Amino acid sequence: MSPEKAHYFSMSVLRIAINIPGLRWCLKQCFKLEVEDRPVIICGLKFPNAIGMAAGFDKDARFLKELQFLGFGSVEIGTLTPVAQSGNPKPRLFRLKEDEALLNRMGFNNGGVNDAILRLKDRPKGLIVGGNIGRNKNTSNDDAISDYLASFNALYPYVDYFVVNVSSPNTPGLRELQDKEPLAALLRAVVLRNNDSATPRPVFLKIAPDMTLEQLDDVIEIIITEKVDGVIATNTTISRDNLITPEIEFMGSGGVSGAPLRLRSTEVISYLYEKSGGAFPIIGVGGIDSLESAQEKIDAGASMVQVFTGFIYRGPSLVSSIRKGIKLKD
Ligand SMILES: Cc1cc2nc3c(=O)[nH]c(=O)nc-3n(C[C@H](O)[C@H](O)[C@H](O)COP(=O)(O)O)c2cc1C
């Protein structure tokens, strides 16, 4: 089965299984899902625990109940765009088994923000849901702000926090929005709109691991001057350094996630934290596949973590082990 089909198939099977009481009980025992959680408060938002599902796994908010059952305290839906789009042609998701990694060039395939809202109206209680927003492929960078604001406005009543995603490598030109001027203008517009709302939501910026130190310095400056609440570090990398899976040569373009990303994303977190003097919270993501690699992100300065690829390779016991053992910053 292709990795993309396997993804929807396994989540659909899980949906059926957790609705059968005996099976639900068995799954709880099997994956040791009964864990006493310690909440984390970030920007005034109380996350039930320190582990969230990263963006891209549940783009259209289809599996919130299932992910909560598996122990995730939060799920970041999206990246959502104002208009539905089918993404890049398949195949567009590949397993790099020898590297414990994935390569994807999904290209923001999603059913559009209004379709997700239909399901969010019935979102499970006790789960924090973040809305990760981006622009449509056919929207130019010059018009990008209106796409972000359209998704922001539509999602506002249904999500607990927002993520401005300018770091996906799979939408042509998107990463140019990480340049200083366009980034400041985009974040200013989103923060302004947020501040006009009845209950402003925390707004995070999600960044790429491939930024230079100079770009990271710009990020710090912009986060502080534009009063953005925090950073999610990091998205997938375009670097192919040190990969050993032989088929990589024939897989084409895309972003790499999982083990090969671990160190670089930790370095980015560490740099942001040290250089800014811990001025804003950081959510750490990239290559987490064990309690130890999750702790590494916290020790580098992250307030909580998210996983994606590690969950694909290690399964639900990864979530329980992080919930049980993680030692958070004071
Ligand atoms: C198949 C796939 C799709 C993804 N889609 C998105 C997305 O739509 N928006 C986004 O911000 N990040 C997306 N990501 C990036 C993840 O949220 C995460 O930042 C990255 O994979 C690093 O974490 P990991 O090593 O635990 O996978 C995607 C990752 C994968 C593997």
Mean separation of Cα contacts under 8 Å, 6 or more apart, over the residue count of the chain: relative contact order %: 17
Charge dipole (the range 39-110, unit charges on Cβ, about Cα centre) - positive-most of 68, 83, 57: 83
Three-way shape label, the range 1-96, alpha-carbon gyration tensor, a/c 1.5: oblate
Dipole magnitude of the range 1-43 about its Cα centre (Cβ charges: Lys, Arg +1; Asp, Glu -1), debye to nearest 20: 120
For the range 227-304 and the range 58-115, distance of Cα centres in Å: 18
Residue 11 versus residue 247: modelled label distance in nm, points set 7 Å from Cα along the beta carbon direction: 2.2
Total charge dipole magnitude, the range 231-299, about the Cα centre, Cβ charges on Lys, Arg, Asp, Glu only, Debye to nearest 20: 220
Rounded to 5, percent antiparallel among DSSP beta bridges of the range 35-178: 40
Compactness of the range 89-173 as Cα Rg over 2.2 N^0.38 Å, two decimals: 1.26
Pair-distance profile P(r), taking every C-alpha pair of the range 193-330, with 5 angstrom steps and integer %: 2, 10, 19, 20, 18, 14, 10, 5, 1, 1, 0
Gyration tensor verdict on the range 112-153 (Cα atoms; rounded if a/c is under 1.5, prolate if a/b is larger than b/c, oblate otherwise): prolate
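For the range 36-325, what is the convex hull volume of the alpha-carbon atoms per residue, in Å³? Before the final figure, lay out the partial values.
Working: hull volume 33.6 nm³, N = 290.
Per-residue hull volume (Cα only) is 116 Å³.
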Beta bridges per DSSP with both ends in the chain, % antiparallel, nearest 5: 30
Cα-centre dipole for the chain with unit charges at Cβ (Lys and Arg positive, Asp and Glu negative), debye to 20: 1320
Cross-link partners of residue 32 among lysines (Cα-Cα below 22 Å; sequence separation of 8 or more within a chain): 65, 125, 324, 327
Once exposed loop GluC sites (Glu not before Pro) are cut out (DSSP; at most 13 other Cβ, 10 Å), longest piece of the chain: 37-246
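Would you mind checking the pairs 97/121; 59/297; 59/206 and listing those with alpha carbons more than 27 angstrom apart?
97/121
Quick note: the coordinates plus some simple rules give every number you see, no bench work behind them. For clarity, every value in this text was computed on a predicted model and none was experimentally measured. Cβ coordinates were reconstructed from backbone atoms using ideal geometry, including for glycine residues, and neighbour counts include every protein chain displayed.
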